[in-house]
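A short write-up of the structure that comes next.
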Amino acid sequence: HIIYSTKGREPALFEDRREKLFRYVWGILRKKSCHLYRINAVDDHVHMLTSLHPTISLAEFIRDIKTATTSWFRSDMKCPDFPGWQIGYGAFTKSHAEKEDVMRYIADQQEHHEKTSFQEELRRLLETEGIEFDEKYLL
């Protein structure tokens, strides 16, 4: 389960752009022999559940997705104002038994974020997974 945000958490992933973004990311993952189980986004961040091919490091995987989608937004989507992506990301390993729950959670992002901010969501996920973090990185 991977989560990454727009730079400065600027709202830039507007609803009319999301479907094209999801298809573009899916194409990137296919070329890397990874399987995309579910992807969704709200205005300032993306959630994705995917397999990761054993020949690809997670950092390389995220870097490639962020680099390609930033270029794509600015050129093909004609969105020169796209701020790019935040430097960091969250990545959580999930068991096969958790797959359906995580897919449902990702699908329900719009409803979820009517009640919970991105920072609250990320803090809860980190705490649930027992990951130590510095609050300054949640700002």
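On the protein heavy atoms, probe 1.4 angstrom, tell me the percent of accessible surface of the stretch 24-94 carried by carbon and sulfur.
53
Can you give the helix-only mean residue ellipticity at 222 nm for the chain, where every DSSP H stretch with n ≥ 4 adds -39500 (n - 2.57) and the sum goes over all residues, rounded to the nearest 500 deg cm²/dmol? Walk me through the intermediate numbers first.
Values: 5 runs with 58 residues, N = 139.
Value at 222 nm, helices only: -13000 deg cm²/dmol.
Which whole-number percent of Cα pairs in the stretch 25-102 have a distance greater than 14 Å?
In whole percent, the share of Cα-Cα pairs in the stretch 25-102 beyond 14 Å is 67.
In debye, nearest 20, what is the charge dipole magnitude of the chain about its Cα centre with +1 on Lys and Arg Cβ and -1 on Asp and Glu Cβ, if you could check?
For this selection, approximately 700 debye.
Taking the Cα-to-Cβ direction at LYS115 and at LYS7 and moving 7 Å from each Cα, how far apart do the two end points lie in nm?
For LYS115 paired with LYS7, the spin-label model returns 3.5 nm.
Short version: what are the Cα gyration tensor semi-axes of the stretch 1-47, square root of 5 times each eigenvalue, largest first, in whole Å? Could the numbers behind the result be given before it?
Values: eigenvalues 78, 27, 14 Å².
They are 20, 12, 8 Å, listed largest first.
Where q = 0.11, 0.16, 0.17 Å⁻¹, what log10 of I(q)/I(0) comes from the Debye formula for the chain, counting one point per Cα?
The Cα Debye sum returns log10 ratios of -0.38, -0.86, -0.98.
On full extension of the chain, what length is gained from ASP76 through GLU19, given 0.36 nm per residue of separation minus the C-alpha to C-alpha distance? Can you show the working numbers first?
Working: separation 57, 0.36 × 57 = 20.52 nm, distance 1.42 nm.
So the extension gain works out to 19.1 nm.
Could you work out the Rg to Rh ratio of the stretch 20-61, with Rh taken as the Kirkwood radius (inverse of the mean 1/r over all Cα pairs)?
Numbers: Rg = 10.5 Å, Rh = 10.8 Å.
Rg divided by Rh gives 0.97.
What's the tally of Lys pairs in the stretch 62-139 whose alpha-carbon atoms lie under 27 angstrom apart, where the two lysines are 8 or more places apart or on different chains?
Going through the stretch 62-139 pair by pair, I get 8.
The values are calculated or read from the model by the stated rules, or taken from the named source; none is laboratory data. Keep in mind that this is a model prediction, so the values were computed, not measured. Note that each Cβ is placed from the backbone with ideal geometry, even for glycine, and that neighbours are counted across all protein chains shown. The area values use the complete protein model at the heavy-atom level, side chains included, leaving out ligands, DNA and RNA. Shrake-Rupley method; radii C 1.70, N 1.55, O 1.52, S 1.80 Å.
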